[in-house]
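The values are calculated or read from the model by the stated rules, or taken from the named source; none is laboratory data. Only a predicted model underlies this, so the values are computations on that prediction, with no experimental measurement involved. Virtual Cβ from ideal backbone geometry, glycine too; neighbours counted across all protein chains shown. SASA here: full protein model, heavy atoms, side chains in, ligands and nucleic acids out. Shrake-Rupley method; radii C 1.70, N 1.55, O 1.52, S 1.80 Å.
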Amino acid sequence: MNNIIKTLLLILLILIVLFWDDFYSLAVVYFYFCIGLLIIDIYVTKTIKLIHVWNGAFVYIILSEVFLYPELEVNKNALFAIQYLIIANNMILLGYYSRRLKKVKVTQINAHNVTASKSAVAILVLLVGFFVVIMLPTALKSFALGREAANENESGFVFSSVVNAMGFVLPSVIAFYFLKIRKMNIIFPILMSSPVFIILFMSGSRFPLLFSVVGFLITSRNLINANNKSVSKVSFKSFMIAAVFSGLLLFVSNKMKDFRSVNTQYKDIKVHLAHNDLPTKASQYFSEEGIVDMTILMFNHFSHEDYLYGKSTLFITYFWVPRQIWKDKPTMLGNWFIRMYRAGFSDGHSASFGFTGDLYADFGYFSLFFIFFIGRGLKAAERYKDVVLKSGNYNLILGAMLFPFIFFFVRSPITSSMTFLGILAFYFLIKRIIFKEVKI
């Protein structure tokens, strides 16, 4: 579908959304729009793009809440909240489809070859061992008592986030080494990475596991098919394998949620379903995060309180400062806001506000202007991803990590950005220690 047609369709859809006056049916229509756009675009391009991941995440994380909890409609400003979220997603799509980037020539992509240190295996084993030793106590506590009990304070959360970043990128590095440098079977990187996957599974949070496993799979797939000139394309067989594996991962992750969740906002979500339509049935297998509920709460709050004018979004610039040094350091929106209106949370619990949360808290409806440029940035990330995945070089690891990053960004942009900064740090550190790029 031509980008101009998509842009006009999105503008028309925004106008329709503004005049729609029913909370539930609006979500149903947009559900079919997102799924239809996703299927058509993948069929036409024969490629799974970051924009597809974004749209899928919007349905999976945000829209699903409306279908599982249609009673949210009784809340004041519920219609305005869902209109805002849908228009915000359209602004992402507008920013993405309105930006045209020049194609990069193949000669610009394959400019380097990669060699590895003779002690690479020993270093990778040590890094896996370090990760397991540091994270095992927290993982065991999380598995037994719930992940919130394992992160009772902010310092514990920040430390585990930093170390987790190693676990996110390390399996992809291991895959790169064994598949690219040593030309070995994929069973070797799977075996070496399995302790990392097990620790992340035991930690009880599905999204870190998603970061690590998906990055590993995409890195492995691109290296296994490195001799195929259309490596960035997705065959029907590859798509079906990915779909089956993703379904398995989502099923396991939902079982993780059911088994370990504490302080759950809603109870028995799969017992009493108000509707019998496809969106509701599908949403039983999705992962609502309370974002619609929190957006409604924000609309109510900021109807009589001043906006924060940048204070919430700027948390990303100073999150790394220890509270022991800065005792009055502000907390994240997801931490302080929910405690104004709800109770019964542990110190480490934070609510998810989605990709709009901090920007809306800062600028209200004017946040849509900034959200448009997130879409522009997403298009730039798409181009970078295409380039590095075709390269077969060490940089393809970053391209692979963009997929889970974008998915997680829809749920929590500040947390996912903090995580990605940690990934970048370990990515460059491991590159400097183990790998060396040589110009061809």
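Of all the criteria given as (1) touching a residue at least 40 places away in the same chain (Cβ under 8 Å); (2) open to solvent by 10 Å² or more (accessible area, probe 1.4 Å); (3) in a helix (DSSP H, G or I), the one not satisfied by residue 99 is (3). Candidates 39, 35, 48: the one that is among the hydrophobic types (A, V, I, L, M, F, W, C), part of a loop (DSSP other than H, G, I, E, B) and either within 20 Å of residue 69 (Cβ to Cβ) or open to solvent by 30 Å² or more (accessible area, probe 1.4 Å) (or both) is 48.
Count of segment 199-221 residues, restricted to those that are under 19 Å from residue 412 (Cα atoms) and basic (Lys, Arg), is 1. Within segment 341-353, does at least one residue satisfy the condition of being assigned to a helix (DSSP H, G or I) and within 22 Å of residue 165 (Cβ to Cβ)? Within segment 341-353, not a single residue is assigned to a helix (DSSP H, G or I) and within 22 Å of residue 165 (Cβ to Cβ).
Of the candidates 176, 157, 188, the single residue that is at pLDDT 85 or above and open to solvent by 50 Å² or more (accessible area, probe 1.4 Å) is 188. Examine segment 398-405 for a residue that is open to solvent by 10 Å² or more (accessible area, probe 1.4 Å) and in contact with a strand residue (DSSP E or B) (Cβ under 7 Å, 6 or more places away or on another chain), and state whether such a residue exists. Looking through segment 398-405, none of the residues is open to solvent by 10 Å² or more (accessible area, probe 1.4 Å) and in contact with a strand residue (DSSP E or B) (Cβ under 7 Å, 6 or more places away or on another chain). Selection within segment 291-319: residues that are crowded, with 20+ Cβ neighbours inside 10 Å and part of a loop (DSSP other than H, G, I, E, B). The member of this set that is nearest to the chain's Cα centre (by Cα) is 313. So how many residues does segment 51-85 have that are open to solvent by 10 Å² or more (accessible area, probe 1.4 Å) and polar (S, T, N, Q)? The qualifying residues number 3.
Among residues of segment 364-377 being of a type outside the set (Ser, Thr, Tyr) and open to solvent by less than 10 Å² (accessible area, probe 1.4 Å), the one that is farthest from residue 216 (Cα to Cα) is 364.
Hey, does segment 223-242 have a residue that's at pLDDT 60 or above and open to solvent by less than 30 Å² (accessible area, probe 1.4 Å)? Yes: segment 223-242 contains one or more residues that are at pLDDT 60 or above and open to solvent by less than 30 Å² (accessible area, probe 1.4 Å). Close contacts from segment 1-25, counting a first residue that is within 16 Å of residue 79 (Cβ to Cβ) and a second that is among the charged types (D, E, K, R) and open to solvent by 60 Å² or more (accessible area, probe 1.4 Å), with Cβ to Cβ under 8 Å and a gap of 6+ residues or different chains, come to 23/73; 24/73. If you go through segment 320-362 and keep only what is acidic (Asp, Glu) and open to solvent by less than 30 Å² (accessible area, probe 1.4 Å), you end up with 358, 362.
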